[in-house]
Amino acid sequence: MSRILDQRILLLVISFSASAQSTKVLSEWKKCGDPECEKAMSRVQATTDYLGPDCRYLNFKTGEEIMVYSKLSRENENLWTGSKGKDFGYFPRDAVIVEEVLIGEEVEVLTK
């Protein structure tokens, strides 16, 4: 009975650890086109296929168009956020090429 209880506790700890990692803040700061991060910053095109590690990431195929709404800054500058159709999420900036810049100046704000 004690062994079963130990196994259950171990599974609970592993489950909690995995959950905590998936909700980890990727960066405390981000750059946006406005203080509310509602304006699109740019239009980009995918230069490679991308499949993200979890549901927070945007998946896409080479050639697809993505609207960029924010860029993480300071701790993790490689990740941008954007949308493709109804899908929204993070993606690596080196997987796209900028086709059109839609704002004149970037604003740095705290992530929520």
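Loop only per DSSP, at most 10 neighbouring Cβ atoms within 10 Å: give me the trypsin sites (Lys or Arg not before Pro) in region 22-55, ordered by residue number. Write out the running numbers ahead of the final one.
Numbers: sites: K24, K30, K31, K39, R43; in loops: K24, K39.
Sparse-neighbourhood loop trypsin sites (Lys or Arg not before Pro): K24.
³J(HN,Hα) across region 51-66 via Karplus (A = 6.51, B = -1.76, C = 1.60, θ = phi - 60°), whole Hz, x for Gly/Pro?
Result, rounded to whole Hz: 10, x, x, 7, 5, 7, 9, 8, 9, 7, 10, 3, x, 6, 9, 10.
Principal axis extents for region 24-112, Cα atoms only, whole Å, descending order, please.
Extents along the principal axes: 31, 30, 22 Å.
Each label point is 7 Å from the Cα along the Cα-to-Cβ direction; what then is the distance between the points at R43 and N76, in nm?
For the pair R43/N76, the computed spacing is 2.9 nm.
Got a sec? What order do F60, F88 fall in by accessible area at 1.4 Å, biggest, i.e. largest, first?
So the residues, ranked largest to smallest area, are F88, F60.
The values are calculated or read from the model by the stated rules, or taken from the named source; none is laboratory data. None of the values given here were measured: they were computed from a predicted structure. Don't worry about glycine lacking a Cβ; one is built from the backbone with ideal geometry, like all the others, and counts go over all protein chains shown. Calculation scope for accessible area: heavy atoms of the full protein, side chains included, ligands and nucleic acids excluded. Shrake-Rupley method; radii C 1.70, N 1.55, O 1.52, S 1.80 Å.
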